[in-house]
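Next up is a structure, given as structure tokens.
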Amino acid sequence: MTNQQSAVLVAEHLSKSFQIDEIGISVIKDVSLQVKAGEFVVIMGKSGSGKSTLLSLLAGLDYPDSGRIMLNQDDLTVMDEEQLALKRQRDMGFVFQSFHLIPTLTVAENVAFPLQIAGKPDSERVEELLQAVDLNHRRDSMPHQLSGGEKQRTALARALVSKPSIVFADEPTGNLDQKNANQVMDLLINLQQSFGSALVVVTHDQAVADRADRVITIVDGHTV
Amino acid sequence: MTSGLSRKMLNRAWFGKPVYPLLFGLSLWVSLAAYLTLDSLQQSVDDYIDSNQLAMVGGDLIMTTRQQWPEDIQQKVAELPQTDVVYDYQFNAMLYANEQSLLARIKAVTPNYPLYGEATVASNQNLWQAVQPGTVAVEAQVLSGLDLTVGDSVQLGEASFVIADELTAEPDRPLTAFGFGARVLMHADDLPQTQLMGQRSRIGYRIEMALGPSQLENWKNELTILIGSQEINIETAAESDTALANVSANFLVFLKLLVVAVVVLSGVGLFSVMKAFIRGQQNSNAIRRALGEQMRPIKQSYYRLFILMALLSAVVAYGLSVLFLMFSQNYFSQFLPADIDIQIVWQSVIKITVIAVAMTLLVSYQGLRLLALVKPVAVLQQQKIPRNRQTRAWGWSLTVVLAVFLLMVIELDNLWRAVQITGGLIAVLLVFWLLSVLLLKALKWLVNHHWVKHWLSRLAIQNVFRKGNHSVLFFTTLSLAVMVMVMVALLNHSIDRQLISTYPEDAPNMFLLDVQSEQHEKLNDMIKAPVTYYPVVRARIKTVNGVSADVLKEQLGTYDDISRVFNLSYAEDLLDTEYLKSSRDNKQLFTDWDDDVVVPMSILASIADYLQVNIGDEITFNIQGINLTGRISSIRARYERGPNPFFYFIFPPEVLAKAPQIQFATTRVDDQRVVGLQTAIAQTFPGITTLDGAAIARQIKSFVGQLSQLVTLFTGLAVVAGFMVLLTSLLSTSQDRLQDSAYFRLLGMRTRHLYAINVIELSVLGLLAGLVGTLLAMTVSYFMVTEWFNLQFSLPFYTLFLGALMLWFVLAGIALLYGRMVIGRQVMQRIRQMV
């Protein structure tokens, strides 16, 4: 009970399978975990181990077949898609391997977007994040004009702009060279710590895992 | 609420690729501009009719007849103040001056003409100040046709008149396309001097009366009682039909129905553009969803963009329509009054805006269902966003049909007709749709069973069946539009070739009206060619097999009007242009029925079908109050239709020879002699009116030409809409095509092969649709030309070849342009992504 109260995210007995050509493949098998406020957790595993699927379930991007996910004491598994969207808007931030910036918005607009859709535009906060990721000088650039590192820094700023209680990152350094990867991870961890958000990173990069508070390894759909 | 950034993001994505707004716009501009133009035209015509109805029909109450006014009617009318009545006599006659003659349409009126509106003359004087007794006002064509000027004299019948002025406008004759002969306006009191009244067969007698609203019904009732069973028609201004009202109610509505079909097609175009755009935005949509944006604001952002586009399109359509009306007045000159004020009507602008927005909303609703396929998890590449999942939408389809039906109700102002036409439209579309599906399935079968040997052709034709390609829709649209256009061209060609451009060699080219028996000999001497005289006895059908014509009128079809006046004739033999279809007695035109009450009669097959009668059936005619009952002893048919006279009912000479009759005659002379002969006859027999068949054919050609030009123009819009469907479906399948091209390229396919695939695909699809449309048009036209018009069917090979060539050029052009714009530029980028 005490653990649950201090935990931002609690997942219990999660299972998920996919139908591929009429064959059911079990990807996540009875996984339980929790993430505390401000904690940096890494989920590691080999390709196909189910780590990205687990992330999609924890972030409310997909529904588990069974089990329960509590985020700030709200059960994500009983919410409909619209309620989940609202939950993501208020409580979560995302960083993706492929950046997923909106190609028709500038850097500043991409960062401001989560605040805009929440109906809480805050230009000072946007400025703050742009400063923090050192992209003020590129604020009016379009995503296609940025380098990979700049794109991911923009994504970091976007993920944290709405002060989420938890940030999910899927292979955030996967598309970057070593130098940029280190920079981005430094930045991500610094920002997470300064803003107090929990951070869940899916990666197969040991260097990233070495910096985490806790590492959850997933093998064949199970946590070990 | 849609956030500003959501709008900005979509707007940039939309306007960043001009192909989206351009195709969206083009889909709407064409149909909306055409609709706006026609709706404004119709509104202008209707407004003109509303404001000028009294002037166009001449009075509040109008009586018309083909005989002298009975005494009691004249006495009754004389109770009205003289200033409120106009007597009007109209007929065709020959004018003669300077050794030249001209066919004219005479209008003799009492000096209170016109009761409403204004007749104007070139000198700008008051009409009756300019036209004193003994003088006439004439249209400009009289002056130019006879080399006369104002002040000269012209011979009309037995009298000579001074031309007092040039007549520039008549309120009751806004259109000139529906009458032959230039106008001559004169005093009714001058008519007797011409000595034309007694012998004329085709005089239209009118009395126009100005009456207050309170008097109107009383006068109508009292006059109706006086008229009794006499052949006099009486109607109020509101009840009167004008040629202009008929143009508005029939031709313009027909054109608008064509445009409604184009509007529906443009909806398909919009759908494809939207689908392509939404698919292109699926990744952004997935990001938006992953970041927590709810579906409602996402949809709102799309709706806002599309409605903005619809409104912009309405503005562009307005501009196009203004331009079209500015430069197209000549297209309508034959059937719209010269003084009509044609301009874009604001009600029509509102109408097209509502149509544009409603259609956009309807189409967006269905298009945005694609958003439901977007799952935020797609951003983690856990799930590929489905491209072409079909969503069944019966409710939506029903709403579309209802929307079209509603548009029809508004257009036709008649619920039942709207049901019929919407039903008919759906039925025709279904038939063409099924035909298209069948043919494309056959094509697929041929490809799958290796009937198409060449690998490139096989690849290209397989593209036709790509999901989301709208091949069936394009095929349906193009074949239907080509069918209508080719049909118009084929009918025009056959009629033009046999009746107009090449006037039939054996057909009469001069028609002489109001001939008298004692003039035959002299006329024969003057014409120096065989002249055929036809006696005409005017009669109405009273009963058919004892059933009253009034009762039958409700039951018979629309081929003819049983209550009208028919021309009976008498002869001993068949005309050269006819043959006996069936006869009571082998090959006999008439055989006695051994009955004192009935006489034998021969009937033309077409009217026998209409009246549903056969040999042995009886028809009773009323000839100026005397009943004559004929029993059918033979049925005739015509070899071919053409400018040869024919009679529905023919009797033996002894039956009708003594009935009151008029005669007309036909002859064939060298073309060069026609004008000279007309003049000579006008000089010798002023009472005879001669018509030049070839000249009339030319006048008809110009009128029919303008009608068919407009039909072709607006059907052409359907072809344009069809191409928009093709273009937009190419756009919506671009990503798949690009992917295929990238694979082909990786495997070493050369650029020209990539282009060839597109060219072959579109050529096969388009030319096959064109061929189907042409074959159907040929079949329908063949039956119409041979069975309906009784003419020989002929094919305009050159025009058809040219049409096919143009179609191919357009198809190949689109294919090459598409290849260059979409595939050519992006294929290497795609390959790099793949590698």
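Need one number: % antiparallel among DSSP beta bridges in region B:59-236, to the nearest 5.
Working: 37 of 47 bridges.
Here the share of antiparallel DSSP bridges comes out near 80 percent.
Within region B:34-75, what residues put their amide N at less than 12 Å from the label point 7 Å along the Cα-to-Cβ vector of B:Asp341?
Taking a point 7 Å out along Cα→Cβ of B:Asp341, the residues of region B:34-75 whose backbone N falls under 12 Å are B:44, B:47-48, B:51.
In units of 2.2 N^0.38 Å, what is the alpha-carbon radius of gyration of region B:670-734? Let's see the in-between values first.
Details: Rg = 24.6 Å, N = 65, 2.2 N^0.38 = 10.7 Å.
That works out to 2.29 for region B:670-734.
Moving to a separate point now. Please pull out the direction-averaged projected area of region A:117-176, using the convex hull of its alpha-carbon atoms, in nm² to one decimal place. List each step's numbers first, then the result.
On the way: hull surface 18.6 nm².
Mean projected area of the Cα convex hull: 4.7 nm².
Now, a different point. Per 10 Å bin from zero, what fraction in whole % of the C-alpha pairs of region A:2-223 is there, up to the bin with the longest pair?
8, 34, 36, 19, 3, 0
Round to the nearest 0.05 the FRET efficiency obtained for A:Ile23 and B:Phe465 when R0 = 30 Å and r is the Cβ-Cβ distance.
Details: r = 29 Å, r/R0 = 0.98.
Given R0 = 30 Å and the Cβ-Cβ separation, E is 0.55.
Suppose R0 equals 35 Å. What FRET efficiency, 1/(1 + (r/R0)^6) with r the Cβ-Cβ distance, do A:Ser123 and B:Thr751 give to the nearest 0.05?
Step by step, r from the Cβ atoms, then E = 0.10.
Rounded to the nearest 0.05, what FRET efficiency is calculated for A:Ser98 and B:Met326 with R0 set to 45 Å and r the Cβ-Cβ distance?
In this case the efficiency is close to 0.25.
State the three equivalent ellipsoid semi-axes of region B:404-479, derived from the C-alpha gyration tensor as the square roots of 5 times its eigenvalues, in descending order and whole Å. Walk me through the intermediate numbers first.
On the way: eigenvalues 285, 25, 10 Å².
Calculated on Cα positions only, the semi-axes equal 38, 11, 7 Å.
Further, regarding this structure: Sticking to Cα atoms, compute the Rg of region A:141-207 to one decimal and its Dmax as the biggest Cα-Cα distance, whole number, in Å.
For region A:141-207, the Cα radius of gyration and maximum Cα-Cα distance read 11.6, 33 Å.
Take every residue in peptide A:94-106, count the Cβ atoms of other chains within 10 Å of its Cβ, and give the average of those counts.
Details: counts 7, 0, 5, 3, 4, 1, 9, 2, 13, 8, 12, 7, 3.
That works out to 6 on average.
Compute, for the protein assembly as shown, the length of the dipole vector about the Cα centre, with Cβ point charges of +1 (Lys, Arg) and -1 (Asp, Glu) only. Units Debye, rounded to 20.
Numbers: 84 positive and 95 negative charges, 1432 e Å.
I would put it at about 6880 debye.
Using the Karplus equation 6.51 cos²θ - 1.76 cosθ + 1.60 (θ = phi - 60°), what ³J(HN,Hα) coupling, rounded to whole Hz, does each residue of region B:272-288 give in order, writing x for Gly and Pro?
5, 5, 4, 4, 4, 5, 5, 4, x, 9, 4, 5, 4, 5, 5, 5, 4
Separate question: On the first, second and third principal axes, largest extent first, how far apart are the outermost C-alpha atoms of region B:258-380 in Å?
69, 22, 19
Can you give the Kirkwood hydrodynamic radius of chain B from its Cα pairs, in Å with one decimal? Working shown, then result.
On the way: mean 1/r = 0.0316 Å⁻¹.
So the Kirkwood estimate lands at 31.7 Å.
Which stretch or stretches of region B:4-19 have amide N atoms under 17 Å from the point lying 7 Å from B:Ile307's Cα along the Cα→Cβ direction?
B:4, B:6-8, B:10-11
Testing the spin-label approximation: label points 7 Å from Cα along Cα→Cβ at B:Gln792 and B:Asp50. State their distance in nm.
5.3
Using every Cα-Cα pair within the protein assembly as shown, state what percent have a distance larger than 59 Å.
On the way: 197199 of 560211 pairs.
Here the tail beyond 59 Å accounts for 35 percent of pairs.
Could I ask something else about it? Note down the nm distance, to one decimal, between modelled labels 7 Å out along Cα→Cβ at B:Leu817 and at B:Leu226.
6.9
What list do you get for B:Met359, B:Met63 if you sort them by fewest beta carbons within 10 Å? Write down the numbers at each step before the final one.
Working: B:Met359 24, B:Met63 21.
In order of increasing Cβ crowding within 10 Å: B:Met63, B:Met359.
Whole Å is fine, so just give me how far the alpha carbon centre of region A:145-188 lies from that of region B:35-72.
Distance between centres, Cα-based: 79 Å.
Could you tell me how far the Cα centroid of region B:745-777 sits from the Cα centroid of region B:588-635, in Å?
The two parts, judged by their Cα centres, are 62 Å apart.
State, to one decimal in nm², a quarter of the convex hull surface area for the C-alpha atoms of region A:13-137, i.e. the direction-averaged projected area.
10.1
Subtracting the Cα-Cα distance from 0.36 nm times the residue separation, let me have the gained length for B:Gln125 to B:Leu80 in nm, one decimal. Please report the intermediate quantities before stating the final value.
Working: separation 45, 0.36 × 45 = 16.20 nm, distance 2.77 nm.
Between B:Gln125 and B:Leu80, full extension yields 13.4 nm more.
Next question. Between A:Gln83 and B:Asp152, what is the spin-label point distance in nm, taking each point 7 Å from the Cα along the Cα→C-beta axis?
Placing both labels 7 Å beyond Cα along the Cβ direction yields 9.6 nm.
With contacts defined as alpha carbon pairs under 8 Å and 6 or more residues apart, what's the relative contact order of chain B in percent?
Details: 1292 pairs, mean separation 144.8, N = 835.
Computed over chain B, the figure is 17 percent.
Output the Cα-based Rg and Dmax of region B:59-236 in Å, rounding Rg to one decimal and Dmax to a whole number.
Cα-based Rg and Dmax for region B:59-236 come out at 16.7, 54 Å.
Between B:Glu521 and B:Leu429, what length comes free when the chain is fully extended (0.36 nm per residue of separation minus the Cα-Cα distance, one decimal in nm)? Before the final figure, lay out each step's value.
Details: separation 92, 0.36 × 92 = 33.12 nm, distance 6.17 nm.
Between B:Glu521 and B:Leu429, full extension yields an extra 26.9 nm.
Right, another one. If I take every Cα pair under 8 Å that is 6 or more residues apart in region B:59-236, average their sequence separation and divide by the length, what percent do I get for the relative contact order?
Values: 348 pairs, mean separation 67.7, N = 178.
That works out to 38 percent.
When averaged across all projection directions, what area in nm² does the alpha-carbon convex hull of region B:531-667 cover?
Working: hull surface 32.5 nm².
The Cα convex hull of region B:531-667, projected and averaged over all directions, gives 8.1 nm².
Only the coordinates and a few stated rules stand behind these numbers; no lab work does. This is a predicted model, so every value here is computed, not measured. Don't worry about glycine lacking a Cβ; one is built from the backbone with ideal geometry, like all the others, and counts go over all protein chains shown.
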